[in-house]
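Computed from the coordinates by the stated procedures, all read-outs in this text should not be read as laboratory data. Note that this is a predicted model, so its numbers are computed, not measured. Please note: Cβ atoms are built from the backbone with ideal geometry, for glycine as well, and neighbour counts cover all protein chains shown.
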Amino acid sequence: MRRYSAFAIAREAFRQHKGWSEAWSSPEPRKQYDVVIVGAGGHGLATAYYLGKRFGITNVAVIEKGWLGGGNTGRNTTIIRSNYLQDPSAALYEKSRALFETLSQELNYNIMFSPRGVMMLAQTEHEKRGYLRTERANALQGVQTRFISPSEVRRLVPIINIHGPRYPVLGALWQERGGTARHDAVAWGFARACSAMGMHVIEQCAVTGVDSANGTVTAVNTTKGRIACAKLGIVVAGHSGALADMAGFRLPVESVALQALVSEPIKPCMDVVVMANTVHGYMSQSDKGEMVIGGGADQFNNYTQRGSWHHIEETVRALVETFPMISRLKMLRQWGGIVDMTGDRSPIISKTPLGNCFINCGWGTGGFKATPGSGWAMAELIARGEPGPLAEAFSMTRFREGRFIDESVAAGVAH
Ligand SMILES: Cc1cc2nc3c(=O)[nH]c(=O)nc-3n(C[C@H](O)[C@H](O)[C@H](O)COP(=O)(O)OP(=O)(O)OC[C@H]3O[C@@H](n4cnc5c(N)ncnc54)[C@H](O)[C@@H]3O)c2cc1C
């Protein structure tokens, strides 16, 4: 793989850009791999990448039914933060946030990480108390956050109305090194690095069945034929229930559509990410100038990967008191992705009833920020057969044992 560099761009400029090679190859599947990962979203690709990088396992196929990153990875609102309440979550999300800091250099691919700062507004006394608690928990966990005053909120976000009649801004939980990254670039960067290690990223290839014998997976059946594997990783977000069903076990997850929308592009007016969890809306401004707006999840389980009119109205109506200027914006696009929600709003990185089959799911509305950390922890689980320190609390047996990792405040809103 040729490295991308300023020198390479200059060289190609003289050759009319004819010397670039493809970023990742599109091979036909082999009959057998050491590890098959189902799902080429960010998490599946990051898992493959760290399998190769940390454990030297490169006879790996990542199998994707659509196009690379075309699931939730390419549909999210790109917010990255680690200000969670419980210790296992803070450790996992902070590891991930830290990996994002240097991911462009590591992958030699510009993922446009922008640590512009993320604030979660406190708009009720109850919410303020909750965020003060999180601020203190974060201090003990080594996650840098602080609770800021309404005037500081106003200084950082001049377009905000802090004196709303229903929901005045009482302060905010502020994470200065949180931010955003270009979501598809994260998938593309990992795919390119996997391909360079000799792994196969196979697009347009749906897994339709899982073969097993004596409690272990032997192969997956796909639309491109049967592929045998020594180990299987299932990393398919909203379709985890369907894949678990193929493998013969049940998961404590529900799938729902989560929606987002963007406005027409406008001049730069907000250079931080703002989340207003009481009213269920959050907003940032993309590099193109669009206001990227996210709202809540659908109230019913479904697999419809698209937006709906009432959601635009609900989300914009909720945000307009705090951001009056958006009442004059035209909305350009809306879309939806299928997210997989667990009861405690924390993910599952776990062994399964099948000895050589591992699952990574349940990231719900907030897994983009976890992409590298999730891949790091999942690779360790697949390579060693046992979870490492980052993953051990996230076993799916916790639901049977009553060891919930309750993040309904940190992750209760869509983000
Ligand atoms: C509107 C929206 C906004 C969001 N905003 C944020 C945010 O701001 N910050 C944040 O941290 N998170 C956010 N999220 C959540 C985040 O997008 C997800 O948690 C994360 O992207 C999950 O990544 P993944 O790689 O596990 O899943 P995906 O990217 O969905 O990848 C799974 C892949 O598996 C493939 N697949 C499924 N079934 C099969 C099969 N049978 N065979 C082969 N392949 C299969 C799918 O096609 C898909 O490409 C948001 C989600 C949505 C929908």
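Could you tell me which of rounded, prolate or oblate describes the chain, using a ≥ b ≥ c as the square roots of the eigenvalues of the alpha-carbon gyration tensor, with rounded for a/c under 1.5 and, failing that, prolate when a/b is larger than b/c and oblate otherwise?
Note, shape of the chain comes out prolate.
If you look at just the Cα atoms of region 207-272, how large are its Rg and its Dmax in Å?
For region 207-272, the Cα radius of gyration and maximum Cα-Cα distance read 19.2, 61 Å.
What dipole magnitude, in Debye to the nearest 20, does region 207-287 give about its Cα centre under +1 on Lys/Arg Cβ and -1 on Asp/Glu Cβ?
So the dipole magnitude of region 207-287 works out to roughly 340 debye.
Tell me the mean residue ellipticity at 222 nm calculated for the chain from its helices only (DSSP H runs of n ≥ 4, each -39500 (n - 2.57), averaged over every residue, nearest 500).
-8500 deg cm²/dmol
Helix 309-320 against the longest principal axis of the chain: what's the angle in degrees, Cα atoms only, rounded to the nearest 10?
Relative to the chain, helix 309-320 is tipped by roughly 50 degrees.
Quickly rank 61-74, 162-175 as a protection proxy: mean count of other C-beta atoms within 10 Å, highest first.
Top to bottom by mean Cβ count within 10 Å: 61-74, 162-175.
Are any of the pairs Lys288/Lys369; Lys128/Lys267; Lys330/Lys369 more than 23 Å apart by Cα-Cα distance, and if so, which?
Lys128/Lys267; Lys330/Lys369
Quick check: convex hull over the Cα atoms of region 260-364, volume per residue in Å³, rounded to an integer? Don't jump to the answer; show the numbers that get you there.
Values: hull volume 14.7 nm³, N = 105.
For region 260-364, the hull spanned by Cα atoms encloses 140 Å³ per residue.
Place +1 on the Cβ of every Lys and Arg and -1 on the Cβ of every Asp and Glu in the chain, take the dipole about the Cα centre, and give the residue among Gly142, Ala230, Gly178 whose Cα lies farthest towards its positive end.
It is Gly178, whose Cα lies furthest towards the positive end.
Give the lysines reachable from Lys31 as a straight Cα distance under 29 Å; neighbours fewer than 8 places away on the same chain don't count.
List returned: Lys53, Lys65, Lys224, Lys231, Lys351.
Calculate the dipole size of the chain relative to its Cα centre from +1 charges on Lys and Arg beta carbons and -1 charges on Asp and Glu beta carbons; express the result in debye to the nearest 20.
So the dipole magnitude of the chain works out to roughly 760 debye.
Toward the positive end of the charge dipole of the chain, about the Cα centre and with charges on Cβ (Lys, Arg +1; Asp, Glu -1), which of His17, Ala122, Ala191 goes farthest?
Farthest towards the positive end: His17.
About the Cα centre of region 1-99, what is the dipole size in debye to 20, counting +1 per Lys and Arg Cβ and -1 per Asp and Glu Cβ, all else neutral?
300
Would you mind telling me which residue in Arg15, Arg129, Arg75 has the biggest mean-square fluctuation in a Gaussian network model of the chain, where springs connect alpha carbons within a distance under 10 angstrom?
It is Arg15.
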